[in-house]
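First the structure, in the form of structure tokens, and then the observations on it.
What follows is calculated from the coordinates using simple rules that are stated; it is not laboratory data. Note that the coordinates shown come from a computational prediction; the quantities given were computed from them, not determined experimentally. Please note: Cβ atoms are built from the backbone with ideal geometry, for glycine as well, and neighbour counts cover all protein chains shown.
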């Protein structure tokens, strides 16, 4: 997740540079470096949030299949049954 966010942030920064800023040399390198650091920080944050949510999401996903209720009426061969 960290590597993916770093690459996405660098690509977004480079694209913004091409479209808007037109930086060259050291300013461009600094801009991309800041984007990489920002992407790494957000990747770590996203990973920690996903780790904390994993038990909740797996418990919810497991219980939803068990607790699924039958609707009050069902269609069988075009007729309403129930």
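Going by average Cβ density within 10 Å per residue, which order do the peptides 22-33, 48-59 take, highest to lowest?
Details: 22-33: 11.9, 48-59: 10.0.
Ranking, from highest mean packing down: 22-33, 48-59.
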| request: Run the numbers on segment 2-62 and let me know its relative contact order in percent, using alpha-carbon pairs under 8 Å that are six or more apart. | output: 50
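Take the Cβ-Cβ distance between residue 59 and residue 2 as r, set R0 to 30 Å, and report the resulting FRET efficiency rounded to the nearest 0.05.
Details: r = 26 Å, r/R0 = 0.87.
About 0.70, to the nearest 0.05.
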